[in-house]
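This report refers to the structure that appears directly beneath it.
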Amino acid sequence: MIFISDVNFIFLKFMKKISAVIVAHNEEKKIRDCLRSLDFVNEIIVVLDRCSDNTKEIALEFKAKTIEGVWEIEGVRRNLALNMASSEWILEIDCDERVSPELKNEILEVTKNSDPCYYNVAIANYIGKRWVKYGWLRTLGVLKRNSLSYRGLKKYDEDKLIHPTYKCEGVIRDLKNNLIHLVDDDVADLLARFNRYTNWKANDMIFKNKKLPNLWQLFLTIKWRFCKSYLFKKGYKEGTLGVLIALLCALYPLVAYLKVKEKNNENR
């Protein structure tokens with residue numbers, strides 16, 4: 001005779017397990033809601049990079065495994081998070097992202113029935129309470145990301161300070177539901193993030209000793225990026241906010257260029 005407890009044991013034994021991995025730097029204001037949306041995973045791992053606030057304490061409230069340290073290269077800390085995960089499937093998520101109930105159910109379904117592979121998930125980027133669907137270029141807002149992968153199939157390159165590329169082995173599929181990304185609180189937050197990102201881009205260019213473009217190349221790049229954001233990525237559908245996003249996307253390489261020149265002059 002098989003009792004209900006035995007059935008539950010058998011079900012749990014053969015159910016595919018999921019680890020959620022998070023890289024955090026002083027995210028006490030955002031990480032709690034992110035962790036709440038991960039109530040379906042078997043394991044949470046938080047890599048704490050130079051945290052001086054209560055991020056660790058909040059992570060421990062949710063029984064997360066934590067590791068603290070200092071990592072200059074983003075690919076290194078992301079590989080560390082992936083290697084710490086012990087489940088068959090790994091969900092990578094940032095502190096300002098939330099898994100919706102619909103995405104949660106989809107993840108549970110695909111990990112239960114799928115063979116080892118990768119899953120891209122569409123990103124719903126919010127500024128405040130507004131879902132901004134159009135106009136994003138990768139420098140400011142990613143619209144799709146490989147967030148769910150089978151253990152051991154993914155590795156980040158460790159040659160860039162930020163926004164590392166990665167290598168995948170196997171089939172890549174798409175999930176249907178969006179990952180909610182609370183990317184900016186308001187326009188001021190968007191501008192502050194633009195400033196941070198161009199700082200990181202300048203540092204990365206110096207780190208890699210990258211050759212600077214000439215002024216004509218910069219002009220053509222700015223023109224193309226504005227058209228790509230506003231026209232081809234349909235930023236015009238966002239009204240005046242779409243104009244701002246297109247301008248920031250266009251000016252991104254110019255501002256990074258000027259910051260490189262500024263830093264080089266400071267080091268002379």
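The values are calculated or read from the model by the stated rules, or taken from the named source; none is laboratory data. As the structure is a computational prediction, the values presented were derived from the model and not from experiment. A quick note on method: Cβ atoms are made from the backbone with ideal geometry, for glycine too, and the neighbour counts reach across all protein chains shown.
Does segment 203-236 hold any residues that are within 20 Å of residue 142 (Cα to Cα) and of a type outside the set (Ser, Thr, Tyr), and which are they?
Those that are within 20 Å of residue 142 (Cα to Cα) and of a type outside the set (Ser, Thr, Tyr): 204, 222, 224, 225, 226, 227, 228, 231, 232, 233, 234, 235.
Could you check, for segment 173-191, whether at least one of its residues is more than 26 Å from residue 33 (Cα to Cα), assigned by TED's automatic domain parsing to the domain that holds residue 122 and either out of contact with any helix residue (DSSP H, G or I) (no Cβ under 7 Å at 6 or more places or on another chain) or of a type in the set (S, T, N, Q) (or both)?
yes
Regarding segment 214-230, can at least one residue be identified that is in contact with a Phe, Trp or Tyr (Cβ under 7 Å, 6 or more places away or on another chain), over 23 Å from residue 184 (Cα atoms) and in a helix (DSSP H, G or I)?
Yes: one or more hits.
Restricting segment 37-58 to residues that are more than 18 Å from the chain's Cα centre (by Cα) and assigned to a helix (DSSP H, G or I), which is surrounded by the most Cβ atoms within 10 Å (Cβ to Cβ)?
Restricting to residues being more than 18 Å from the chain's Cα centre (by Cα) and assigned to a helix (DSSP H, G or I), the top hit is 58.
Only residues that are in a helix (DSSP H, G or I) and closer than 16 Å to residue 92 by Cβ: list them for segment 59-71, please.
Scanning segment 59-71 gives a single hit, 59.
Among the residues of segment 167-184, what is the count of those that are surrounded by fewer than 15 Cβ atoms within 10 Å (Cβ to Cβ) and either part of a loop (DSSP other than H, G, I, E, B) or touching a residue at least 24 places away in the same chain (Cβ under 8 Å) (or both)? I'd like the intermediate steps shown before the answer.
Step one: list which residues in segment 167-184 are surrounded by fewer than 15 Cβ atoms within 10 Å (Cβ to Cβ), which gives 167-174, 176.
Cutting the leftovers down to either part of a loop (DSSP other than H, G, I, E, B) or touching a residue at least 24 places away in the same chain (Cβ under 8 Å) (or both) gives us 168-174, 176.
So the count comes out to 8.
Tally up the residues in segment 106-118 that are touching a residue at least 12 places away in the same chain (Cβ under 8 Å) and either assigned to a helix (DSSP H, G or I) or not assigned by TED's automatic domain parsing to the domain that holds residue 174 (or both), please.
6
If you go through segment 239-251 one residue at a time, do you hit one that is assigned to a loop (DSSP other than H, G, I, E, B) and at pLDDT below 90?
Scanning segment 239-251, I find no residue that is assigned to a loop (DSSP other than H, G, I, E, B) and at pLDDT below 90, so the answer is no.
Starting from residues that are of a type in the set (D, E, K, R) and surrounded by 19 or more Cβ atoms within 10 Å (Cβ to Cβ), keep the ones in segment 210-260 and report whichever is farthest from the chain's Cα centre (by Cα).
Looking at the filtered set, the residue picked out is 259.
Every residue in segment 73-92 that is more than 17 Å from the chain's Cα centre (by Cα) and either part of a loop (DSSP other than H, G, I, E, B) or not assigned by TED's automatic domain parsing to the domain that holds residue 111 (or both), please.
Hits for segment 73-92 are 85, 86, 87, 88.
More than 24 Å from residue 182 (Cα to Cα) and either modelled with pLDDT of 95 or more or in a strand (DSSP E or B) (or both): does that describe residue 102?
Values: more than 24 Å from residue 182 (Cα to Cα): no; either modelled with pLDDT of 95 or more or in a strand (DSSP E or B) (or both): yes.
In short, no.
Please verify whether segment 136-145 includes one or more residues that are in contact with a Pro (Cβ under 7 Å, 6 or more places away or on another chain), over 23 Å from residue 49 (Cα atoms) and part of a loop (DSSP other than H, G, I, E, B).
Within segment 136-145, none of the residues are in contact with a Pro (Cβ under 7 Å, 6 or more places away or on another chain), over 23 Å from residue 49 (Cα atoms) and part of a loop (DSSP other than H, G, I, E, B).
Looking only at segment 147-166, filter to residues that are among the charged types (D, E, K, R) and in a strand (DSSP E or B); which one of those is surrounded by the fewest Cβ atoms within 10 Å (Cβ to Cβ)? Reasoning before the result, please.
Here is the first cut: in segment 147-166, the residues among the charged types (D, E, K, R) are 151, 154-155, 157-160.
Narrowing further to those that are in a strand (DSSP E or B): 154-155.
Details: 154: 20, 155: 15.
Looking at residues that are among the charged types (D, E, K, R) and in a strand (DSSP E or B), I get 155.
So for segment 120-139 (the condition being over 18 Å from the mean Cα position of the chain (by Cα), buried (at least 17 other Cβ atoms within 10 Å of the Cβ) and β-branched (Val, Ile, Thr)), does at least one residue qualify?
No - not one qualifying residue is present in segment 120-139.
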